[in-house]
Amino acid sequence: MSVAMSGAELAEAIREIDSDAVTDHSDDAVWVTPSSWPDVAEKLRDLEALRFEMLTLLTTVDYVDHFEVVYHLVSLSRNRTGVVKIRCGEGRVSPSVPTAINVWRGADLQEREAYDLMGVNFDGHPNMKRLMLWEGFEGHPLRKDYLR
Amino acid sequence: MGPNFLDNAFFRNIYCNLSESDDVRCSGGGWLGDGLLPGGFEWLAFLITAILMAAILITLVLNASLVFIWAERRLLGRFQSRIGPNRWGPYGSLTPIADAVKTLFKEDIVPAAADRWVFNAAPVIMMVPSLMVLAVIPWGTGTFLADLNVGILFIIAITSLSTFAIVMAGWGSQNRYAMFGAMRAVALLISYEIPMAISLLGVLMIAGSLSLVSVVEAQNVPFILVQPLGFLVFFIASVAEINRAPFDVAEAESELGSGYHTDYSGMKFGLFINAEFTATILSSAVIVAVFLAGGRGWGFLPSQAWFILKMVPVLFFIVWTRASWPRLRIDQILSLAWKGLIILAFINVAVSAILSFIWPAPSTSELWLMAAINFGVLIVSVFAISSWFGSGPVSTPRMSHDEALPRPRPAGLSAGGDS
Amino acid sequence: MIGMGLMRGLAVTMKTAIRGPVTVQYPDRRVGLLGAAREADLSFFRFLVRRPKDAVKAVAGFATVEAKIVQGTRFRGQDFNWYEERCTGCASCAKFCPLGIIKIETSPSGKLQQEGEVFNIDVFDIDIGRCMFCGICVEVCPYDALHMGSGFERGQYERKNLVITVEELKAKKKTPSTWFRPQQEAAGYNPHSGEDRPWTEAGRHEQPGDKKLTERWVDER
Amino acid sequence: MTLNSESVIVNVGPQHPSTHGVMRLRVAFDGELVTDAEMVIGYLHRGSEKLAEERTFTQVVTLTDRMDYVASMTNNQAYILAVEKLAGIEPTPRGVWLRMISAELQRIVSHLVAVGFLLQDLGAMGTPLMYTMREREDVLDLFELLCGARITNSYHRPSGVFQDAPDEFWPRLELFMANMPGRIDEYEQLISGNEIILSRMRGVGVIQPDMMINASITGPMLRAGGVDWDLRHRQPYEYYDRVQFDRPIMDESDNYSRYLVRVYEMRESLKILRQCIDQIEPGPARDADVPFVIRPPEGDAYVPIEGPKGELGFYLVSDGGISPYRCKVRPPSLINLTLLREMVIGLPMAAMIVTFGTVDINMGEVDR
């Protein structure tokens, strides 16, 4: 049975990597800052105590005043799951998060989809093109202010 | 020696009615007497009879391809636990005709980028070799258009023509799928010409003639028994030559749409399909003539009937393999030809050469002896080749067992318990 | 030895060919001589003697019999069954339809009945050209007035003909599917039998003619 | 000897017999060999996630049917589990067993379709496909008894299933369970030992397990690479901790092992089904107190399940309203395609088609 790491545990572990990274934590999730993300992500994958080898789900949520990128991580060897969230685009302006593709290859298509439908930019992604919709489509349909 | 169709009663009657031939076989005259045409016009009688015979044979073969299409669809259906066509006509037997009518009424599309001449000529050329092979096949006693003394050579030469048609279709339609199919088909056809020709050498050595009629006459024992290895190679090669499963890479519908005839529609497409099925029928006819003693059989049926009866199992096997086996990849097909079949064919040639050196004109009992030796050669060489091609042990999944045992549940609860 | 796997494959296809087809034919079934005899409920020889004409037809492959399609009683068909007597015009179905394809227009009828005022239903259009037969309209109907149908033959040449109107719903023979109607299933009703189901037997509520109900709604007032 | 020839770019799809839907692969060929591949998707994008935001929680079940239309029951299951976690609804035991039964039947169907169409890609004239479709029909008949629909089931509801299985369902299920092992053996006879298939599928499309983990690839593909990762076992949801089953693992990580793992998983599914039938308990199939319109508290929930194609999950965010604020699907089909380019480069065209087939995707789920 996999164990879900609580937000507090995860927050503590991430603070050890980068003391300024954690902004907040809840029961099951931890919020980190976008700037610290590339470093934190790599450590989350590589540190012996954590070993989150797999990024199962990457998604974005539009909370009207800001966007949130949600990472669901799984450690196959430790049989644990963890949730990391990043707030970005405060005030709905240019939401962007550093890409995780160098750490988890599985972020590739998911980041492209998130960019396509939610308009969150993943800096450093080598192929940041629309995935589902065609080039030249205006707007990002999953945003709450998107009107047909 | 007069025209060869004189052996056949029907055509002899027509010919002898028309001409004042002095052939002994015409001595009884025709049904209506002798010589409707004046003397000196034997050539006209010959021409009329020959054209009539060609017309009958071509019509029969083309119609047979319709029957074969129906039979194949019914059989494929059976093999796939379906019914197959059963709506139009008794047991769906008129379905190919309905298909033909439909194909005729379809729009004839020529792609804008296509090379029109090449594109339009390809299906016609595709039909040519199928119909030309018809000429030398001895369908029964006297039922053949030409007893060429190079009959087998003629078949091998003419069937190569279809390569042209396929390349023309692939190139002319300016479609990449078609081009892929055409390139594959060319590689395949050229490769399989060689084992096909070499596998026939053994037959020729024993029969002592290239004429198909003589080959049939030489088969006191069917050559499938005398030349089992030659038969195996020839059968595989001819299935490959006619682009049938498991060698249908040229039209590989799961990869290339439908290969070289992707862009064809209407009756041009129909011609391709018809040529394919005609080629299947004719190659099975060649197999029957060369390896299954042609129209030879017991007296209670005419020789033509024996010939057709022998074609049935060959065609059935071709359909059966089509239903059962997937397609090989083009590189595997080529390596099968160059590394497997050619070697087998050469082994066959060597053994046959020795045997025919020992028995230059084999009697029936000597043929049986040859058959026994050749079966030994078949088994040994196929074993040797397959150990070379061998695929190694097949692994199965290891089962990862569940550590957690099921929690105990209260007993006595049935599945259909009421809710 | 190479080739044994191929031979086993041939054996499997041959076995299947001998076992025979499993196809269900529709709209009618072509039968051979044996099938025709079985269909006529006669032994093979009796069939030959008694009905030689049919036997010849069957041998020629022209004999057809009606196709039998076995379907579950919960089959969600496309001809909706609507019981006018049960409907109050509350429009729950229209509200909860995920696609919004039900159009209801009501007008007050002016007469009071037991469970409150009853509305005339002027329009009850179901655009089954866009319907996905999820059955949620049936699930949310509080009065068991709407049922899924059991039919599936409604091919039309124009999309506009795919709209089921209130007149059609009223006139239709009622063969409701037992989808989300467990009481129908418990009663053993099979919609494919073609039996007309009166509105009094379709729902889970008491019949308004019931004594208890009269007490509850009329006498108490 | 190599020839420096211009590579040919071929559009495989969007309409192509072997792209399993409307998908387009732009492939550069050098002769028969693939030198580059890029996938272009979105032809079937229907905006299901956006549509879900304006439907009530129960109405969204109908949308999940249409994502992976080969495995609607498992989609329903994943979605309903997410809703139950979000709203804190406790399902009834009989409902859970029925959900497991339907999900395992659906897994068999999905694997049947995967195997059948894989053999179709291999050029087997549709014979194995017809056989697998024949068995699929049996399962679809069972689904018709259960819920009146064959493909778009919408069978699961928060707190259970919408209606208990009818009486005639159980004997039919037993009949299916009795027939199925023999049928699977038949496929194995027809397919597994066939030399043509062995030569075409073994050692082709190999992909390293650590690479797969890094690329989030899950499901039979990962298990064919030697990684024992099955969410039914690792994160037991529903009552999967009460049933015993094995997980077939292969180490080759090639096309053949992916195929074989699916065949063996069908047998395991039958085992699970048997235990479900033995253990199912009487009771209501659904909690009558759970209303049609539910209002989960604010928050988010993600529940992954082991779908037939990989980890299938729904991430739901609620703002306390009657419809999900955000509904995100974790589509295994899409994410398993991440490494497609790496897998097919250097292969001949025919092997590319087969490799693509063993990933087992469903375009309804890739594009949503």
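The values are calculated or read from the model by the stated rules, or taken from the named source; none is laboratory data. No experiment lies behind these values; they were computed from the predicted model shown. Note that each Cβ is placed from the backbone with ideal geometry, even for glycine, and that neighbours are counted across all protein chains shown. Each accessible area value is taken on the protein alone, full model and side chains, heavy atoms only, with ligands, DNA and RNA left out. Shrake-Rupley method; radii C 1.70, N 1.55, O 1.52, S 1.80 Å.
Per residue of peptide B:244-255, the mean number of Cβ atoms on other chains within 10 Å of the residue Cβ is 5. Note on D:232-242: average number of Cβ atoms from other chains within 10 Å of each residue's Cβ is 4.
Peptide D:144-151 has a mean of 6 when you count, residue by residue, the C-beta atoms of other protein chains within 10 Å of its C-beta.
Relative to the longest principal axis of the Cα atoms of chain A, the long axis of helix A:7-17 lies at roughly 80 degrees. Computed from label points 7 Å out along Cα-Cβ, the spacing between residue C:90 and residue A:46 is 6.3 nm. Springs between Cα atoms under 10 Å define the GNM used for chain D, and in it the highest mean-square fluctuation of D:100, D:73, D:212 occurs at D:212. Label separation (residue B:94 vs residue D:281): 6.5 nm, computed from points 7 Å beyond Cα along the C-beta direction. Express the relative contact order of chain D as a whole percentage, based on alpha carbon pairs under 8 Å and six or more residues apart in sequence. Taking the mean separation of contacting Cα pairs over the length of chain D, I get 27 percent.
Amide H to amide H, with H built 1.01 Å from N, residue A:23 comes under 5 Å of A:31, A:32, A:33, counting only residues 5 or more places away or on other chains.
What the Cβ-Cβ distance of residue C:196 and residue D:46 gives, at R0 = 60 Å and to the nearest 0.05, is a FRET efficiency of 0.95. Within the listed set C:149, C:129, C:35, the residue fluctuating most in the Gaussian network model of chain C (springs between alpha-carbon atoms under 10 angstrom) is C:35. Between the residues B:111, B:79, C:101, the greatest Cα displacement towards the positive end of the dipole of the protein assembly as shown, with unit charges on the Cβ of Lys, Arg, Asp and Glu, is found for B:79. The spacing between the range B:319-398 and the range C:3-75, judged by their C-alpha centroids, is 41 Å. Computed from the C-beta positions of residue B:190 and residue B:116, the FRET efficiency with R₀ = 35 Å rounds to 0.80. This model, with +1 at the C-beta of Lys and Arg and -1 at the C-beta of Asp and Glu, gives the protein assembly as shown a dipole about its Cα centre of some 2660 debye. Using a 1.4 angstrom probe on protein heavy atoms only, the contact between B and D buries about 5100 square angstrom of accessible area, both sides summed. Net length available on complete extension from residue B:217 to residue B:87 is 42.4 nm, with 0.36 nm assigned per residue and the Cα-Cα distance removed.
A DSSP coil position with no more than 11 other Cβ atoms inside 10 Å describes the following chymotrypsin sites (Phe, Trp or Tyr not before Pro) in the range B:233-322: B:298, B:300. Dipole size of chain D about its Cα centre, with +1 on Lys/Arg Cβ and -1 on Asp/Glu Cβ: approximately 460 debye, rounded to the nearest 20. Here the range B:32-166 is assigned +1 on the Cβ of each Lys and Arg and -1 on the Cβ of each Asp and Glu. Its dipole about the Cα centre then comes out at about 760 debye.
Loop-located GluC sites (Glu not before Pro) across the range D:43-97 with a Cβ neighbour count of 16 or fewer within 10 Å are D:54, with loop assigned by DSSP.
Spatially, the range B:122-145 and the range D:17-45 are offset by 42 Å when compared through their Cα centroids.
Treating the angle as unsigned and between 0 and 90°, give the value, to the nearest 10°, between the Cα long axis of helix C:4-19 and the longest Cα principal axis of chain C. The answer is roughly 70 degrees. Take the Cβ atoms of residue C:4 and residue C:59, set R0 to 41 Å, and the FRET efficiency comes out at 0.50.
For chain C, modelled as a GNM whose springs connect Cα atoms under 10 angstrom apart, the maximal fluctuation among C:174, C:160, C:57 occurs at C:57. Counting only protein heavy atoms and a probe of 1.4 Å, the accessible surface of the range C:77-207 is 48% carbon and sulfur. When only alpha carbons are used to place a centre, the range D:189-227 and the range A:95-127 end up 28 Å from one another.
Farthest toward the positive end of the dipole of the protein assembly as shown, out of B:185, B:378, A:17, is the Cα of B:378, where the dipole comes from beta carbon charges about the Cα centre. Relative to the dominant Cα principal axis of chain A, helix A:37-46 is inclined by about 40°. For the pair residue B:124 and residue D:28, label points projected 7 Å from Cα toward Cβ lie 4.1 nm apart. Total accessible area buried between chains C and D, 1.4 Å probe, in Å² to the nearest 100? Heavy-atom accessible area buried at this interface is about 2800 Å². For the range B:213-317, the per residue solvent-accessible surface stands at 28 Å², with DNA, RNA and ligands left out and a 1.4 Å probe. For the range B:235-250, putting each phi into the Karplus relation 6.51 cos²θ - 1.76 cosθ + 1.60 with θ = phi - 60° gives couplings of 5, 4, 5, 6, 5, 5, 4, 8, 6, 9, 4, x, 10, 8, 5, 5 Hz, in residue order, rounded to whole numbers and with x for Gly and Pro.
Annotation: the antiparallel percentage among DSSP beta bridges lying fully within the protein assembly as shown is about 90.
Chains C and B together bury roughly 2000 Å² of accessible area, counting both sides, with a 1.4 Å probe on protein heavy atoms only.
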